[in-house]
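These notes concern the structure reproduced below.
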Amino acid sequence: MESSNNADEDHAIADNLEALWMPFTHNRLFKKKPRLIEKASGMYYESSDGRKVLDGISGLWCSNVGHNHPKISEAVKSQLDVLDFSPPFQVGHGLGFELANELIKVAPESINHVFFTNSGSEACDTAMKIALAYYQGLGEDRRYRFIGREKGYHGVGFGGISVGGIDANRKHYQKALLPDTKHICHTHNLSEMAFSKGQPRWGAHLADDLEELLKGNAASEVAGVIVEPMQGSAGVIVPPDGYLEKIRAICDRHNVLLIFDEVITGFGRLGEWFSPDRFGVVPDMITFAKGVTNGVIPLGGVLVNDQVFQSIMVGPEHLVEFFHGYTYSGHPLACAAGIAAMEVYRDEDLLSKARRLEQELEHQIHTLQGEPHVVDIRNLGMACAVEFSSKPNQPSVRAMEIFQKCFERGLMIRYTGDIIAIGPALVASTKEIEFIIETIREVVRDLA
Ligand SMILES: Cc1ncc(COP(=O)(O)O)c(C=O)c1O
């Protein structure tokens with residue numbers, strides 16, 4: 001939204017916006033020139049100044065079937081009149097069980113239980129607690145450490161930021177992080193893999209870093225390794241060919257649980273329900289959120305394999321096996337949204353559509369090679385990123401300006417550092433993908 005020229009009006013807007021402390025936002029700058037959204041439908045938002053803005057990032061990697069899908073909206077509205085809430089502890093409701101059953105149908109065969117949370121952050125912390133409970137069930141309570149990956153994002157809980165590897169998310173909390181958490185090296189290497197299409201050929205050997213961290217006696221204290229199969233928040237960092245396979249083999253060799261954080265990569269983003277169908281690598285647990293309800297009502301969860309689940313289902317039956325849960329775990333409205341969203345993915349054949357569109361997106365995004373300041377372009381599934389060289393002494397300003405100018409020209413993208421990320425809904429048309437790429441091209445040229 002353009003700010004008004006009238007000083008009084010500007011002041012009124014600023015006063016109005018002051019109470020809300022916005023997450024992951026430069027609050028002071030934003031409130032000087034706010035971008036406000038009023039409506040959404042399909043691929044588009046409408047801003048408060050009445051402009052159409054194409055959503056190039058599926059909300060926040062979540063509105064995978066497009067906004068305000070009538071089937072999901074209808075399911076939530078009618079559920080509201082039937083059961084608004086029921087406690088998830090010691091009482092159940094049908095929709096929770098139904099959604100869990102639907103989820104395990106599309107998960108890898110070995111994974112057959114679901115624990116519901118409300119967000120991806122809670123899903124990651126929950127998966128870490130499950131790993132600890134698993135080893136305690138096996139009598140191996142020396143296993144309490146975790147290994148994450150540099151540049152990894154696993155939400156904002158203390159577990160998640162401990163295994164997460166994005167410095168900005170950790171810097172204020174260093175001393176309060178889980179002790180003894182380690183990180184394997186990331187796989188982002190411009191000199192070896194810049195402008196790769198899909199999975200880079202180079203880099204599988206980087207998984208050997210995990211072997212280093214587990215060698216000797218070290219593995220006997222490690223409960224789990226958590227990685228995003230494709231790193232989303234750090235700017236679409238695609239796993240090299242063979243890399244995830246190696247990570248799995250090393251975890252197996254050292255009897256360490258492997259957790260895939262699929263909060264972004266699940267629900268069609270990589271053209272499959274979950275990444276094992278894309279990469280052929282099956283973890284012990286999968287965390288999910290976002291696309292499960294199409295972002296309509298918050299819901300997340302952890303998909304857990306049978307071995308892990310059974311090791312915790314022990315002890316006297318009248319005792320709670322796992323002391324963990326949220327008031328809103330499996331909220332009826334969220335489950336109604338989840339069941340409806342899964343029907344939409346199926347009925348509209350959106351996974352196949354995503355696989356077809358991936359080719360188009362790959363082709364088009366790579367035409368930005370050679371535009372000013374572009375140093376890398378990466379893509380996989382319906383996700384891609386363009387990395388720019390930073391302005392001298394002003395890291396992340398270039399990508400921020402591109403983001404702002406794109407919004408002014410009717411396109412919503414995301415930026416992190418000097419990287420812009422694009423992840424359109426799986427219902428995008430070829431024309432809409434073209435609009436995304438051409439808008440970015442114009443903006444980048446204008447700003448050069
Ligand atoms: C891989 C991954 N894990 C966890 C999260 C955290 O999810 P939430 O913001 O729902 O807590 C995100 C959010 O973007 C994510 O991308």
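Coordinate-derived values only; no laboratory data. Here the structure is a predicted model, which is why all the values come from computation and not from measurement. Reconstructed Cβ throughout: ideal geometry from the backbone, glycine too, with neighbour counts over all protein chains shown.
Observations on the model:
- All lysines inside 29 Å of Lys77 as judged from Cα atoms, apart from same-chain residues fewer than 8 positions distant: Lys39, Lys52, Lys105, Lys290, Lys353
- Shape of the range 249-326, Cα gyration tensor, a/c cut at 1.5: oblate
- Check: the range 110-187 dipole with +1 on Lys, Arg Cβ and -1 on Asp, Glu Cβ, in debye: 220 debye
- On the beta carbon distance between Ser78 and Lys52, with R0 = 30 Å, the FRET formula returns roughly 0.50.
- Summarising the strand pairing of the chain, around 70 percent of its internal DSSP beta bridges are antiparallel.
- What the phi angles of the range 138-147 give under the Karplus curve with 6.51, -1.76 and 1.60, with θ = phi - 60°, is a coupling list of 8, x, 10, 7, 6, 7, 10, 9, 10, 10 Hz, glycine and proline written as x.
- Helical segments meeting 24 Å axial Cα length and Kyte-Doolittle 0.0 threshold in the chain (DSSP H): 120-137, 430-447
- Spacing of the two label points (7 Å from each Cα toward its C-beta) at Phe97 and Arg356, in nm: 3.9 nm
- Mean residue ellipticity, 222 nm, helices only, the chain: the sum of -39500 (n - 2.57) across DSSP H runs of n ≥ 4, divided by residue count and rounded to 500, is -11000 deg cm²/dmol.
- With R₀ fixed at 41 Å, the C-beta to C-beta distance from Arg142 to Phe85 puts the FRET efficiency at about 0.50.
- Ordering Val314, Ile166, Ser329 by Cα displacement along the dipole of the range 73-347 toward the positive end leaves Ile166 in first place; charges were set at the Cβ atoms of Lys, Arg (+1) and Asp, Glu (-1).
- Charged-residue dipole, Cβ positions (Lys, Arg, Asp, Glu), the range 73-347 about Cα centre, Debye nearest 20: 720 debye
- With R₀ fixed at 25 Å, the C-beta to C-beta distance from Ala194 to Phe30 puts the FRET efficiency at about 0.20.
- Spatial separation of Cα centroids for the range 35-59 and the range 259-276, in angstrom: 25 Å
- This ranking places Glu109, Glu401 by how few other beta-carbon atoms lie within 10 Å of each, fewest first, which gives Glu109, Glu401.
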